[in-house]
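Data block below; observations after.
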Amino acid sequence: MSLETLLLYFFAAAALAGGVLMLIARHPMRVALALISSMISLAGIYAILGVHVIAVFQVLIYVGAVMVFMVYVIMLLDVRDPAFLERYGRAVVPSVAVAAVLSVALGAAVSRGRIMSADYLAGLHSNSMAASFEVQPFSVEFLERYWLHFELTSVLLLAAVVAAIAVVKAGRRHDG
Amino acid sequence: MDRTQLLLTLSITLFALGLIGVMVRRNALVMLMCMELMLNGVILSLVTFAAHSATLSGAVLVFLVFVVAAAEIAIAIPIVLLLSRQRHTLDVSAYSELKG
């Protein structure tokens, strides 16, 4: 077994352990830390797959922006909140059953289905540019073919900022 | 087991764990984080397929999904904060007046 496969198994196990810890942990801060560890292991998996750009984005955007935001919000809130002390609601058994049925069905589909070989897939799209996921080919492809989508995401982010401000303003009006 | 198959199984498992978390946990913020875990599982399968078929457009799509996720969090957290300010709790069972 090569080192790469070993690392892949290690990161997969770490991501799974983070996910399980998220269900068990009581305090939201611990849940957030478990989610961060799970996300970092996923970034490791992406790096092993050779998709370095995505691995960097995973760390920068998810861990660096989203989760730091989340941790700040958890620190803002009251720790004596009863929701922080009692972990589970009422529907534990049915929800676990639903998730188990769903994962078994999807897992059966994955294990039964044949995964097409990479050569066959490369034959499907004619513009096969032997895609390597390094920064330079990614950026060239991104800004030459998908520049419109890139600009549209900036519009989306602007709309999100305006909506967040509007939500906070609406809350102020209700309070006073 | 094939590498692609292993990663797809991992992605299914992460999605199911997040789904259990969303349905089971009481704290609204924890539910939000479990939704992030579900999204991460789906993104893992997207990256797996993109790496398997060696298409750059898959990587571009993952980047766009990241941006959408960031925007979603930027909206969701102010809403959760407003809810907690109104009811002084994050327990979702306190917000049950929408129940039929």
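The values are calculated or read from the model by the stated rules, or taken from the named source; none is laboratory data. As the structure is a computational prediction, the values presented were derived from the model and not from experiment. In this analysis, Cβ positions are derived from the backbone assuming ideal geometry, glycine residues included, and neighbour counts consider all displayed protein chains. The protein model used for the area step is the full one, side chains on, heavy atoms only, and it has no ligands, DNA or RNA in it. Shrake-Rupley method; radii C 1.70, N 1.55, O 1.52, S 1.80 Å.
Ignoring ligands, DNA and RNA, what accessible area per residue does the range A:1-87 give at 1.4 Å, in Å²?
Working: 4190 Å² over 87 residues.
Solvent-accessible surface per residue comes out at 48 Å².
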Quiz item: Considering the range A:1-87, what Rg and Dmax in Å follow from its alpha-carbon atoms?
Solution: 15.1, 50
Quiz prompt | Potential lengthening between A:Val104 and A:Ser139 on full extension [0.36 nm per residue; Cα-Cα distance subtracted] | solution = 8.7 nm
Exercise. Enter the buried accessible area of the A/B pair, total of both sides, probe 1.4 Å, in Å² rounded to the nearest 100.
Key: 6800
Exercise. Find the Cα radius of gyration of the protein assembly as shown, compare it with 2.2 N^0.38 Å by division, and give the number to two decimals.
Key: 1.08
Self-check item: Among A:Ile40, A:Leu76, A:Phe11 - extreme Cα towards positive end, dipole of the range A:1-87, charges at beta-carbon
Solution: A:Leu76
Practice problem: Jot down the radius of gyration and Dmax of the range B:3-98, Cα atoms only, both in angstrom. | Solution: 16.3, 50
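With a 1.4 Å probe and every protein chain kept in, tell me what percent of the accessible surface of chain B is carbon plus sulfur.
Details: 2570 of 3720 Å².
Here it works out to 69 percent.
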